[in-house]
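Notes for the one structure printed next.
The values are calculated or read from the model by the stated rules, or taken from the named source; none is laboratory data. If you're wondering where the values come from, they're calculated on a predicted model, not measured in any experiment. Please note: Cβ atoms are built from the backbone with ideal geometry, for glycine as well, and neighbour counts cover all protein chains shown. Surface accessibility is based on the protein's heavy atoms, side chains included, excluding ligands, DNA and RNA. Shrake-Rupley method; radii C 1.70, N 1.55, O 1.52, S 1.80 Å.
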Amino acid sequence: MDKGVVASQVTKSNVIRVLCFAFLCPLILMAISASVRAMTPIELLSMLDEARKENSFIGTFIHRRGDSVNSYHIVHGIQDGVQYERLKSLDGAPREILRDGESVTCILPEDVGSRWDQIPPLSPLVPGENVDWKEIQKWLKFTILSHSWIAGREAILIEAQSIEQDRFIRRYGIDAETGLLLKTEILNSEGRSLELAQFTQIKINPSNLKEELAPTLKGKVTKFDRRHWNKSATTSVNWKPDWLPSGFHLTGVTSGEDKNFVEAYTYSDGLSSFSIFREQPSAQFVEMEGRGGGATVAVSRVIETEKGEKWGITLVGEIPVETAKRVASSVSMLN
């Protein structure tokens, strides 16, 4: 057979393959997207944890807390089922958080100190790991608000409202193709935005992220093990809050670094969390209630034991002020 004829046939065959691939790919993506669109809010939110375990990504996002806005670079990789992550601030003081499975390493400037030893969050775009979304429906009502675009990708916007009005309103923007979280927002009961984290650009499943996951800063290094932090904990027998919002339970206990700060208990429902710190009240300790930054509130109280011993109690967390006041006021001390 003539070589020109053979080449022509091969070329036509390749063209047909390319055209078929080009035709089928959008249909496949449309089918995936259509199946995601048909999901309920709980089905969509239940994808978040698995989506982070199955997809790598690299991008930048903004994090607004009240009037303060910061930008971050994030790299998230998967290797042999283990999640690796590098989160670096792009403005303000240089800081970097690295994740290797359950191990977390913080790199901060040498002059940055900490009053207590507490594991930082991995990223504001992690709504919570291993959240029981079906269980949390007992306290939150979930609604699909709209379909929109975030960082150039089709997203489904979901809102979670507190049934008992003891939590903030939360909104989640979920990638329609992969199920990854592209946006999270916290609003008060009047609908005013308190805190927002949203991707401005993202590339999903890029090749070879090994170099991108390596640390880029030098400074004060602190390491944590999340398995130790998240282990089952019990409160001391001599102090505890007598009231908690439904669904909140103890998730961690932290010991203080000095004689004044004794310990802190952290409570969470999987999405929101707050910590209660106990300390010896000094002359500077005052009872107060108010907002810290964004969705963070702080409430302080002085409580007294039956023998007249006084302790300072400070609650800090992402719950409405009225809820925080009720929790703090319910803390009781035994001898």
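With respect to F277, is the statement that it is open to solvent by less than 30 Å² (accessible area, probe 1.4 Å) and modelled with pLDDT of 80 or more true? So F277 passes the test. Set side by side, the residues Q161, Q165 differ, and just one is modelled with pLDDT of 85 or more, of a type outside the set (A, V, I, L, M, F, W, C) and not in a strand (DSSP E or B), which is Q165.
Filtered by the rule that a residue be at pLDDT below 85 and under 23 Å from the mean Cα position of the chain (by Cα), the range 212-246 gives T222, K223, F224, D225, R226, R227, H228, W229, N230, K231, S232, A233.
Could we say that A298 is buried (at least 16 other Cβ atoms within 10 Å of the Cβ), modelled with pLDDT of 90 or more and closer than 30 Å to D132 by Cα here? Against the criterion (buried (at least 16 other Cβ atoms within 10 Å of the Cβ), modelled with pLDDT of 90 or more and closer than 30 Å to D132 by Cα), A298 qualifies.
The condition of being hydrophobic (A, V, I, L, M, F, W, C) and modelled with pLDDT of 95 or more holds for only one of L122, L209, L181, that being L181. Of the listed requirements (1) open to solvent by 40 Å² or more (accessible area, probe 1.4 Å); (2) at pLDDT below 90; (3) not hydroxyl-bearing (S, T, Y), I107 misses just one: (1). Kindly check whether there is at least one residue in the range 247-258 that is at pLDDT 85 or above and open to solvent by 90 Å² or more (accessible area, probe 1.4 Å). The answer is yes; a qualifying residue exists. Among the residues making up the range 156-170, a single one is among the charged types (D, E, K, R) and surrounded by fewer than 18 Cβ atoms within 10 Å (Cβ to Cβ): E164. Among the residues of this structure, V321 counts as one that is open to solvent by less than 50 Å² (accessible area, probe 1.4 Å), under 22 Å from the mean Cα position of the chain (by Cα) and either among the charged types (D, E, K, R) or within 23 Å of F248 (Cα to Cα) (or both). Residue-level analysis places E102 among those that are among the charged types (D, E, K, R), modelled with pLDDT under 85, under 28 Å from K134 (Cβ atoms) and open to solvent by 30 Å² or more (accessible area, probe 1.4 Å).
Out of L217, L180, one residue alone is under 17 Å from N55 (Cβ atoms) and touching a residue at least 12 places away in the same chain (Cβ under 8 Å). It is L180. Residues in the range 52-84 that are open to solvent by 60 Å² or more (accessible area, probe 1.4 Å), polar (S, T, N, Q) and within 19 Å of P127 (Cα to Cα): there are none.
Filtering the range 192-203 for residues that are closer than 17 Å to S46 by Cβ, at pLDDT 95 or above, under 17 Å from the mean Cα position of the chain (by Cα) and crowded, with 20+ Cβ neighbours inside 10 Å leaves an empty set.
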